[in-house]
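Report on the following structure.
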Amino acid sequence: MVMNEICRMSAVELAQNIVRKELRAIEVVDAMLARIEECSNVHAFVCTVAEQARQAAKKVDQDLHSGQDGLPPLLGIPYSAKDVTNCAGVPTRYGSLALPAFLPSEDNLAVSRAKVAGAILLGKTATPELAHKAFTYSPLSGLTLNPFHPEVTSGGSSGGAAVAVALGMGPIALGTDGGGSVRIPAACCGVVGLKPSIGSLPDHQAQDLFGVTAHAGPLARSVADIRFFYRELEGGHIHDPYSQGRRPALRELHSLKGVRVAWLLKCGNKEVDTEVERLSKAAVNTMQDLGAIVEVVELDFARLEPHFLVLMESRVARSLRALDEKSLSKVDPSLLTHYDRGVSHTAMDYMDALSERATAFRQVQDVFERFDVIASPTMSAPPLAHAQDPHGSVIINGNETGRVRAEWYPYTMAFNLTGHPAISIPCGYTNSGLPVGFHLAARWYDEAYLLDVAEILEKELAVPTLSM
């Protein structure tokens, strides 16, 4: 089987072929590594672990040949991890030339669980420095190119992960999402991205266990592959406070009939691009055609931006506080802006931000008293130009609107503050061929239900993926 055929296959298809011995795991890994090399000009990867991956693949083939019982579910499935995620023995660089590379001796929990389930790590994907923005450029790896158009962003901060999946450099990528950082690049690159509930896929290495807003989450070309990978990763951890409580009973969903949908075209932002509005309205109308009960609701997520920034910038200041002036001069200027603000935030600013976070949680919980999912565009406009200032105003429909977080992706940012699970799926393409994402959020720990809704809608929309 030729490289492109293998690289086009889903994770589910690859798993079936490997177990049936119709494909060898080493063939799959070699095809993915060759594809990474072929696509090196898009800067999706920071590094590969080629020899480690090949050795793991050979071990898979040996185990299959020997007829070993009890083989793990992700046996031989290649994936990548974002370069803020610790993988034992592989340097974590954080997209930075200023911070020293960290060589972890222990895997991040998601990586550890993927390994136990039989998945094979291919390498680390590109991120903006400290994963701080929705545009994947870093001093370390340069500009990560969008596979649909070289002049627009691949999104961020898991831009390398989204590009890798879109171009067949592995069927699955593990990203992180601190304000939309899985869902935004998924929408920009025409793939699927899941942000789990707080506590569903814990980060037991997080510095602030109680104030966490960032979550590890998978990206793939289909909801089925997201489910296939994620179900092996989810589950509580003794060191995570949000994974100690009881989970809701699983709700099986076979159709959208009777599903109650809260629809948000805007959430405090001034404008929605006309093509994004057309495609996202078509998606929610499809839900209605399938039997869902859709009702327009009003929520103001854009107002959360200054409070989100206080929390984020305080963490940035803490991360960079030990750097001297020479090292700070190597920091991405947009990150340095966040650092300068972060050191000036007061304890009162921080407490105000926590209070607003609590208010937002209560408001979203009130919506889920009446609805099963909240639907919206993933972003208010298609992928923005690389030249967009991350701190500047966004122009939508020819109108200057406001800052990026409040005006381009208020839909995603809010659910990092409230902790609810959310997913972005493709809902179509603009007239110029750029992908547009559709966003769905559900109750805490209701990922299975969310994935059911997303998969039913995905099947009906039947948006074609990028050809390879």
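Computed values, structure above
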| quantity | calculated |
| --- | --- |
| Enumerated helices (runs of 4 or more DSSP H) restricted to segment 1-111, each holding at least 3 residues that are at pLDDT 95 or above and touching a Gly at 6+ places or on another chain (Cβ under 6 Å) | 25-38 |
| Where a residue in segment 269-293 is within 17 Å of THR378 (Cβ to Cβ) and its partner, wherever it lies, is of a type in the set (Asp, Glu), with Cβ under 6 Å and at least six apart | ASN269/GLU407; THR286/GLU460 |
| Filter result (surrounded by fewer than 16 Cβ atoms within 10 Å (Cβ to Cβ), part of a helix (DSSP H, G or I) and touching a strand residue (DSSP E or B) at 6+ places or on another chain (Cβ under 8 Å)) within segment 286-315 | GLN288 |
| Residue, surrounded by the fewest Cβ atoms within 10 Å (Cβ to Cβ), within segment 197-238, restricted to residues that are within 28 Å of LEU167 (Cα to Cα) and touching an Asp or Glu at 6+ places or on another chain (Cβ under 6 Å) | VAL223 |
| Those residues of segment 240-271 which are touching a helix residue (DSSP H, G or I) at 6+ places or on another chain (Cβ under 8 Å) and within 30 Å of GLY433 (Cβ to Cβ), in sequence order | LEU256, VAL261, TRP263, LEU264, LEU265, CYS267, GLY268, ASN269, LYS270, GLU271 |
| Qualifying residue in segment 347-359 (condition: within 22 Å of the chain's Cα centre (by Cα) and in contact (Cβ under 8 Å) with a residue 12 or more places away in the chain) | yes |
| Filter result (surrounded by fewer than 20 Cβ atoms within 10 Å (Cβ to Cβ) and closer than 25 Å to SER158 by Cβ) within segment 10-29 | SER10, VAL12, GLU13 |
| Segment 419-434, residues that are crowded, with 24+ Cβ neighbours inside 10 Å and over 16 Å from the mean Cα position of the chain (by Cα) | CYS427 |
| Output for segment 216-242, where each listed residue is of a type outside the set (Lys, Arg), in contact with a strand residue (DSSP E or B) (Cβ under 9 Å, 6 or more places away or on another chain) and outside any helix (DSSP H, G or I) | ALA216, GLY217, PRO218, LEU219, ALA220, SER222, LEU233 |
| Neighbours by Cβ (under 7 Å, 6+ apart or cross-chain): first from segment 323-339, within 13 Å of ASP389 (Cα to Cα) and in a helix (DSSP H, G or I); second modelled with pLDDT of 95 or more and among the aliphatic types (A, V, I, L, M) | LEU335/LEU130; LEU335/VAL316 |
| LEU354 vs. criteria in contact with a Pro (Cβ under 9 Å, 6 or more places away or on another chain), hydrophobic (A, V, I, L, M, F, W, C), surrounded by 12 or more Cβ atoms within 10 Å (Cβ to Cβ) and modelled with pLDDT of 95 or more | no |
| Cβ-Cβ under 6 Å pairs, at least 6 apart or on other chains, segment 61-82 side among the aromatic types (Phe, Trp, Tyr), far side crowded, with 18+ Cβ neighbours inside 10 Å and part of a strand (DSSP E or B) | TYR79/ILE172 |
| Some residue of segment 138-154 being within 24 Å of GLY211 (Cβ to Cβ), at pLDDT 95 or above and not in a helix (DSSP H, G or I) | no |
| Residue among GLN68, GLN16, GLN52, GLN62 that is in contact with a Leu (Cβ under 8 Å, 6 or more places away or on another chain) and of a type in the set (S, T, N, Q) | GLN52 |
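The values are calculated or read from the model by the stated rules, or taken from the named source; none is laboratory data. Values in this document were obtained by computation on a predicted structure and should not be read as measured data. Backbone-built Cβ (ideal geometry, glycine too); neighbour counts: all protein chains shown.
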